[in-house]
Amino acid sequence: MRSPPVLYSEALEGFFLKGVGKRLSVRGRHRLKEAGLDLDQKLKPAYPLESYRGFMEIAREDLYPFQPKAEGFRRLGEDTVKGYGETVIGKALLSVARLVGPLRLLTRMDTTARGVNNFTQTRITQLGERNLHYWFNELSVTSDYTVGLIVGALEAAGAKGLQVDYLADTEPHTFHLRWD
């Protein structure tokens, strides 16, 4: 029997405490607390996936209220990478990412994801040297958020001219990635 999907505190620490926490309004912080995430207390060891999705919706509404929903989630994905890069583990990972480059970073993402949640699995189908399909079994938030995560991570690894497209007609979730 599969365990319920959860995100570990490290995922929330990077985004909410190290990343966007100081940018959240008083109202946004209050809404998060009402939803089960009190940023003034020590984080719980893990949070259910559905709770996390709710936290991210609150963050999107608070930080990007005038952006289209898709753009707000994409920007949250990039914010997540930046915030994770402020954690001890994230700093080390992004340092290695710059050394190994985008493709090797992607090949290690399945292992990296296990450090922040108990459900993400990824696969790569190479279409060319810098052209691939990147498959996820389940998304933590939305496809737009995942595009932001991918862009943030691959740009940190040195990818230039990056294009990321969600292939909506695939199951469960596939993204087409290309870079120079």
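The values are calculated or read from the model by the stated rules, or taken from the named source; none is laboratory data. What you see is a predicted model; the values in this text were computed from it and never measured. Cβ sites come from the backbone with ideal geometry, for glycine too, and all protein chains shown count toward neighbours. With ligands, DNA and RNA removed, areas are computed over all heavy atoms of the protein, side chains included. Shrake-Rupley method; radii C 1.70, N 1.55, O 1.52, S 1.80 Å.
The numbered conditions (1) in contact with a Ser or Thr (Cβ under 7 Å, 6 or more places away or on another chain); (2) open to solvent by less than 30 Å² (accessible area, probe 1.4 Å) are all true for Leu12 except (1). Exactly one residue out of Ile124, Ile89 is part of a strand (DSSP E or B) and open to solvent by 20 Å² or more (accessible area, probe 1.4 Å), and it is Ile124. For segment 21-63, a residue qualifies if it is hydrophobic (A, V, I, L, M, F, W, C) and in a helix (DSSP H, G or I), and the qualifying residues are Val26, Leu32, Ala35, Leu49, Phe55, Met56, Ile58, Ala59, Leu63.
Do we find that Ala70 is of a type outside the set (Lys, Arg), open to solvent by 20 Å² or more (accessible area, probe 1.4 Å) and out of contact with any Cys (no Cβ under 8 Å at 6 or more places or on another chain) in this structure? Answer is yes for this residue.
One line per residue, one yes/no per condition, for (1) within 18 Å of Leu149 (Cβ to Cβ); (2) over 16 Å from the mean Cα position of the chain (by Cα); (3) β-branched (Val, Ile, Thr):
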| site | (1), (2), (3) |
| --- | --- |
| Lys33 | no, yes, no |
| Lys42 | no, yes, no |
| Ser51 | no, no, no |
| Glu71 | yes, no, no |
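Each row is one residue, and each column tells you yes or no for (1) within 18 Å of Ala168 (Cα to Cα); (2) in contact with a Leu (Cβ under 9 Å, 6 or more places away or on another chain); (3) surrounded by 19 or more Cβ atoms within 10 Å (Cβ to Cβ).
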residue: Arg108; (1), (2), (3): no, yes, no
residue: Val116; (1), (2), (3): no, yes, yes
residue: Gly128; (1), (2), (3): no, no, no
residue: Leu132; (1), (2), (3): yes, yes, yes
residue: Phe136; (1), (2), (3): yes, no, yes
residue: Val141; (1), (2), (3): yes, yes, yes
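Of all residues in segment 63-90, those that are more than 13 Å from Ser143 (Cβ to Cβ) have Cβ atoms under 6 Å from Cβ atoms of residues that are among the aliphatic types (A, V, I, L, M) and modelled with pLDDT under 90, 6 or more apart or on another chain, in Gly85/Leu94.
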